[in-house]
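**Student:** Got a structure for you, questions after.
The values are calculated or read from the model by the stated rules, or taken from the named source; none is laboratory data. All values reported here derive from a predicted model rather than from experimental measurement. Note that each Cβ is placed from the backbone with ideal geometry, even for glycine, and that neighbours are counted across all protein chains shown. Remember, those area values only see protein heavy atoms, side chains included, never the ligands or the DNA or RNA. Shrake-Rupley method; radii C 1.70, N 1.55, O 1.52, S 1.80 Å.
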Amino acid sequence: MSYQPPTALPRDLLDDAAMQHALTNHDFGTVFRLARERARISYSRIATECDIKPERVGTLARGQGRISSFGKIVQIVDALRVPGHMIGLAPRPWEADAAPASQGWPRRTVLQVATASGLAAALPALHHAAPPARITTSYVDRLRERTARLRRLDDILGGGDTYRVYLAEVQRTKAVLQRGSFAGEDARRRLTALLAEQAQQAGWAAFDGGRGKEAASLYEESRAYAQEAGDADLYGNSLAFLAYGALAHDRRTAVTFARDSCTTITARTPASVRALLFERLAWACAVDGQAAGTEAALNSAREALETAQDGEPQPDWSVWVDRTELGIMTGRCWTELSRPLRAVPALTDALGRYPDEYARDKSLYFSWLAEAYLAAGEVEEAAATTNRALDLATGVASIRPMQRIAPVLESLRPHRQLPEVRAVLERGGS
């Protein structure tokens with residue numbers, strides 16, 4: 001049996017509604033207070049195991065300040081033995097020893113969060129009816145509609161909540177493809193294309209939840225299934241996803257993937273797919289420091305949207321790419337290229353149209369706006385924008401917002417003599 005730290009929270013406390021609410025909202029002060037009150041775990045012991053100053057633990061428990069550093073959050077989660085999905089992380093290495101006791105948690109967590117977010121109507125579709133004796137194209141169409149409904153979860157929830165839901169869809173479709181009897185080759189081809197689409201969605205949730213290796217594996221699966229199905233649009237999108245994942249460790253490979261994804265575009269490629277592929281090429285070029293390539297790709301994405309034909313059918317997986325999305329990507333790219341005079345107008349215009357209920361994404365986009373303000377020397381605006389990003393990041397089951405916000409907070413630190421900066425640093429636990 002693996003080492004069990006003295007600060008490990010008992011199961012009944014993890015099941016407690018107040019504790020779950022605190023964890024969902026990354027309110028570690030309340031977590032520490034409940035640990036002392038209900039499990040008799042002292043603040044000094046918490047301080048030792050979490051490598052936090054004892055006085056800081058007490059201050060947090062009194063509701064003053066927050067912890068936002070990704071590394072520190074992981075350290076606390078491990079010290080208190082909080083399952084990763086409760087805080088928006090992938091399962092921690094020590095969870096393998098306790099897998100039987102926690103198998104039912106992810107589904108329940110998704111249901112609870114979905115209910116709170118008004119998405120309960122989408123989740124009954126998690127029930128699976130047995131496939132028919134013969135797999136027909138109409139049956140595949142119904143599965144595609146189901147996939148579209150479940151995709152809406154990603155608008156509100158993070159990958160920490162949705163990954164297992166999407167992965168289960170992949171596994172079930174794969175089983176039908178392998179064992180089913182098909183009423184014609186077209187039905188098999190359509191189901192194979194659907195599997196490619198589902199693998200992309202599961203890969204995205206894995207990436208969003210901090211499961212980089214699983215994401216890359218799912219994207220590769222998607223590429224193989226899209227090629228088998230002869231679906232050029234999904235094949236191109238699988239390459240674009242591979243590009244997005246590769247940016248963290250191999251920028252040139254990422255740019256190559258992104259350029260290859262754009263070579264799949266034909267005269268029949270829907271406008272939203274063309275815009276999506278060019279957007280991701282722009283982002284890869286921006287991260288690699290290629291200003292000319294970035295601008296050319298953004299112009300191509302803009303042209304794709306502007307020349308879209310009225311009534312042209314768009315796949316559900318790309319229909320979200322519109323003028324607002326392109327404005328955000330434009331601002332992100334120019335921020336990455338240290339061109340704040342271009343970045344700020346694009347981001348402020350697009351974010352003014354972006355709804356708050358898409359909290360994960362809007363929090364991420366505010367982090368780029370804050371970075372652009374800093375590059376422009378507008379420190380107070382950067383602090384206010386970072387504060388807004390923190391508001392939206394609270395309770396989101398995705399590691400990415402805090403990963404983005406943490407370096408912004410670090411960049412603000414030299415300006416802590418300003419009251420606005422000091423306040424946001426204290427709130428962010430910096």
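**Student:** Work out how much length SER138 to ASP391 would gain on full extension: take 0.36 nm times their residue separation and subtract the Cα-Cα distance, in nm to one decimal.
**Tutor:** On the way: separation 253, 0.36 × 253 = 91.08 nm, distance 4.42 nm.
Taking 0.36 nm per residue and subtracting the Cα distance, the gain is 86.7 nm.
**Student:** Send over a whole-number figure in Å² for the accessible area per residue of segment 126-251, probe 1.4 Å. Walk me through the intermediate numbers first.
**Tutor:** Details: 5330 Å² over 126 residues.
Ligands and nucleic acids excluded, the figure is 42 Å² per residue.
**Student:** So for segment 175-300, averaging the separation of alpha carbon pairs under 8 Å that are six or more residues apart and normalising by length, what relative contact order in percent results? Kindly include the intermediate steps, with their values, before the conclusion.
**Tutor:** Values: 165 pairs, mean separation 22.2, N = 126.
Once divided by the residue count of segment 175-300, the mean separation gives 18 percent.
**Student:** Another question, then. Before anything else, pin down the relative contact order of the chain: Cα pairs under 8 Å, at least 6 apart, normalised by residue count, whole percent. It would help to have the intermediate numbers written out before the result.
**Tutor:** Values: 662 pairs, mean separation 61.2, N = 430.
RCO, the chain: 14 percent.
**Student:** Hey, another quick one. VAL170: net charge of surrounding residues, Cβ under 12 Å, Lys/Arg +1, Asp/Glu -1, itself excluded? Mind dumping the intermediate values first?
**Tutor:** Working: positive: ARG164, ARG172, LYS174; negative: GLU169, GLU197, GLU214, GLU221.
With Lys, Arg at +1 and Asp, Glu at -1, the neighbours total -1.
**Student:** Sticking with this one: If R0 is 56 Å, what FRET efficiency do you get for ARG268 and GLU55 from their C-beta distance, rounded to 0.05?
**Tutor:** Values: r = 65 Å, r/R0 = 1.16.
Once the sixth-power term is evaluated, E becomes 0.30.
**Student:** Under the rule of -39500 (n - 2.57) per DSSP H run of 4 or more residues, summed and divided by the residues of the chain, what mean residue ellipticity at 222 nm is obtained, to the nearest 500 deg cm²/dmol? Show your work: numbers first, answer last.
**Tutor:** Numbers: 23 runs with 289 residues, N = 430.
The per-residue figure over the chain is -21000 deg cm²/dmol.
**Student:** Match the structure shown to one of the listed values [x] 24, 54, 21, 1; [y] 22, 47, 24, 6, 0; [z] 16, 21, 16, 14, 12, 10, 8, 2, 0 of P(r) over Cα pairs in 20 Å bins from 0, in percent, computed from it, and give that label.
**Tutor:** The value matching this structure is [x].
**Student:** Would you please give the FRET efficiency between ARG179 and HIS249, computed as 1/(1 + (r/R0)^6) with r the Cβ-Cβ distance and R0 = 51 Å, to the nearest 0.05?
**Tutor:** Working: r = 37 Å, r/R0 = 0.73.
After rounding, the FRET efficiency stands at 0.85.
**Student:** Tell me, what is the FRET efficiency for GLU145 and ASP322 to the nearest 0.05, using R0 = 22 angstrom and their Cβ-Cβ distance as r? All intermediate terms of the calculation are to be shown ahead of the outcome.
**Tutor:** On the way: r = 22 Å, r/R0 = 0.99.
With R0 = 22 Å, the Cβ-Cβ based efficiency is 0.50.
**Student:** On to the next question. Work out the length of the dipole vector of segment 191-325 about its Cα centre, built from +1 on the beta-carbon of each Lys and Arg and -1 on the beta-carbon of each Asp and Glu, and round it to the nearest 20 debye.
**Tutor:** Numbers: 11 positive and 20 negative charges, 82 e Å.
The dipole of segment 191-325 has a size of about 400 debye.
**Student:** Taking all protein chains in place and a 1.4 Å probe, what share, in percent, of the accessible surface of segment 347-389 do carbon and sulfur account for?
**Tutor:** Here carbon and sulfur together make up 44 percent of the probe-accessible area.
**Student:** Between the alpha-carbon centers of segment 356-430 and segment 186-212, tell me the distance in whole angstrom.
**Tutor:** Measuring centre to centre over Cα atoms gives 32 Å.
**Student:** Report in % the part of the accessible area of segment 210-308 that belongs to carbon and sulfur, leaving out ligands and nucleic acids; probe 1.4 Å.
**Tutor:** Of the solvent-accessible surface of segment 210-308, carbon and sulfur hold 48 percent.
**Student:** Compute the length gained on full extension between ARG342 and ALA130: take 0.36 nm times their separation in residues and subtract their Cα-Cα distance, giving the result in nm to one decimal. Present the calculation step by step, with values, prior to reporting the outcome.
**Tutor:** Numbers: separation 212, 0.36 × 212 = 76.32 nm, distance 5.35 nm.
Gain in length upon complete extension: 71.0 nm.
**Student:** Further question: Hey, rough spin-label estimate for VAL74 and GLN171, points 7 angstrom out along Cα→Cβ, what's it come to in nanometres?
**Tutor:** Simple spin-label model gives 2.5 nm for this pair.
**Student:** Please give the length that would be gained between ARG353 and SER42 if that part of the chain were fully extended, namely 0.36 nm times their separation in residues minus their C-alpha to C-alpha distance (nm, one decimal). Don't jump to the answer; show the numbers that get you there.
**Tutor:** Numbers: separation 311, 0.36 × 311 = 111.96 nm, distance 4.68 nm.
Full extension from ARG353 to SER42 adds 107.3 nm.
**Student:** Tell me the net charge near VAL74. Cut-off is 15 Å between Cβ atoms, VAL74 excluded, with +1 for each Lys or Arg and -1 for each Asp or Glu.
**Tutor:** Details: positive: LYS72, ARG81, ARG92, ARG211, ARG400; negative: GLU49, ASP51, ASP78, GLU95.
My count for the surroundings of VAL74 gives +1.
**Student:** If we sort 247-254, 359-366 on the protection proxy, mean other Cβ atoms within 10 Å, highest first, what's the order? Intermediate values should be presented prior to the final figure.
**Tutor:** Numbers: 247-254: 14.6, 359-366: 23.5.
Order by mean packing, descending: 359-366, 247-254.
**Student:** Now a separate question. How many lysine pairs are close in the chain, with Cα atoms under 25 Å apart and the two 8 or more places apart or on different chains? Write out the running numbers ahead of the final one.
**Tutor:** Details: LYS53/LYS72; LYS72/LYS213; LYS72/LYS362; LYS174/LYS213.
Lysine pairs satisfying the spacing and distance rule in the chain number 4.
**Student:** Mind ranking 178-187, 157-166 by how tightly packed they are, going by the mean number of other C-beta atoms within 10 angstrom, highest first?
**Tutor:** On the way: 178-187: 13.2, 157-166: 26.4.
Most protected by this proxy first, the peptides run 157-166, 178-187.
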